[in-house]
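What follows is a set of notes on a single structure, which appears directly below.
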Amino acid sequence: MTEGRHRLLVGSANPGKLREYREILSGLDLELVTPTDLDPVPPEPAEDAASFAENAIAKARAYAAASGLQTIADDSGLEVFALRGAPGVRSRRYFGEDVSPEERNARLLALLEGVQDRSARFVCVIALATPDGHVELFDGEVHGEIAEAPRGDGGFGYDPVFVIAGDGRTMAELTAEEKHRVSHRGLAGAKLRARLAGGV
Ligand code: IMP
């Protein structure tokens, strides 16, 4: 890490998201830092708004104000048509607080047992905030359907049960690079990357 490089805080405690942002933003002249790199570690902001955008804005602003750093935060999730958009903004907690990703996927598949229309989409909104509260948004989405059974061991979260439209593989069957080319986070991240590459 070169001293004096611009520092960008990736405001997330989710190891899957942190890994993906390191990949998506690699090669930019930026030092990426995470909340646990900071002393004191900023508290994890609440995530109780009704939309991805509002949650992303609230998280990015809270982390930026607490750290004094330019910050990105992403709010993302899976919307299943037959469940009227659930798990949606509550994707992390919908099946309970201390439920493993495998168990969440099993519960989602159980909910959809016998359901014909399994269409779904992943949504990601990234907020880029300055410590004084200025915010810009970048978004992305990917369409697909919920698989009959989990497949693949890449990615994280709901990736093993999300079949990409027009591809047939689950998100967890892609390499990281392939995932970023098609995923909600990869598409939103490409817009963010272009913005950051143009000067921070
Ligand atoms: P949050 O944005 O921290 O509320 O959490 C988003 C949740 O949505 C994650 O914990 C996952 O359950 C799910 N999610 C978001 N993005 C992805 C993804 O790229 N793959 C699989 N699951 C995801």
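Which pairs turn up if I take residues in the range 113-132 that are in a strand (DSSP E or B) and look for partners that are of a type in the set (V, I, T) and more than 16 Å from the ligand (Cβ to nearest atom) with beta carbon separation below 7 Å, at least 6 apart in sequence or on another chain?
A127/V135; L128/V135; A129/V135
Cβ-Cβ under 7 Å, sequence separation 6+ or interchain: first residue in the range 60-71 and of a type in the set (V, I, T), partner modelled with pLDDT of 95 or more. Which pairs?
Cβ pairs passing all conditions: T71/L9; T71/G11; T71/A60; T71/Y63; T71/A64; T71/A129.
Scan (1) touching a Gly at 6+ places or on another chain (Cβ under 7 Å); (2) surrounded by fewer than 18 Cβ atoms within 10 Å (Cβ to Cβ) for the single condition S91 breaks and write down its number.
Unmet condition: (2).
Tell me, please, whether a residue that is open to solvent by 10 Å² or more (accessible area, probe 1.4 Å) and within 22 Å of L111 (Cα to Cα) can be found in the range 167-174.
The answer is yes, given that some residue of the range 167-174 is open to solvent by 10 Å² or more (accessible area, probe 1.4 Å) and within 22 Å of L111 (Cα to Cα).
Restrict the check to the range 42-52 and report whether at least one residue is polar (S, T, N, Q) and either closer than 24 Å to E141 by Cα or within 14 Å of the ligand (Cβ to nearest atom) (or both).
Among the residues of the range 42-52, at least one is polar (S, T, N, Q) and either closer than 24 Å to E141 by Cα or within 14 Å of the ligand (Cβ to nearest atom) (or both), which makes the answer yes.
Quick test for you: out of E136, E102, pick the one residue that is farther than 24 Å from Q70 by Cα and either at pLDDT 95 or above or out of contact with any helix residue (DSSP H, G or I) (no Cβ under 6 Å at 6 or more places or on another chain) (or both).
Only one candidate passes the filter, namely E102.
Can you name the condition, by its number, that R185 falls short on among (1) more than 26 Å from S67 (Cα to Cα); (2) within 13 Å of the ligand (Cβ to nearest atom); (3) among the charged types (D, E, K, R); (4) touching a strand residue (DSSP E or B) at 6+ places or on another chain (Cβ under 6 Å)?
(1)
Could you run through the range 97-112 and say how many residues are within 12 Å of the ligand (Cβ to nearest atom) and open to solvent by less than 30 Å² (accessible area, probe 1.4 Å)?
3
If G186 satisfies all but one of (1) farther than 30 Å from A60 by Cα; (2) open to solvent by less than 50 Å² (accessible area, probe 1.4 Å), what's the number of the condition it fails?
Exception for G186: condition (1).
Among the residues of the range 62-83, are any among the charged types (D, E, K, R) and over 16 Å from the mean Cα position of the chain (by Cα)?
Among the residues of the range 62-83, not one is among the charged types (D, E, K, R) and over 16 Å from the mean Cα position of the chain (by Cα), which makes the answer no.
Go through the range 142-163 and count every residue that is crowded, with 17+ Cβ neighbours inside 10 Å and within 14 Å of the ligand (Cβ to nearest atom).
Number satisfying all stated conditions: 13.
The values are calculated or read from the model by the stated rules, or taken from the named source; none is laboratory data. Computed from a predicted structure; not experimentally measured. FYI the Cβ positions are ideal-geometry reconstructions off the backbone, even for glycines, and counts take in every protein chain you see. Note: areas computed on protein heavy atoms with side chains; ligands, DNA, RNA excluded. Shrake-Rupley method; radii C 1.70, N 1.55, O 1.52, S 1.80 Å.
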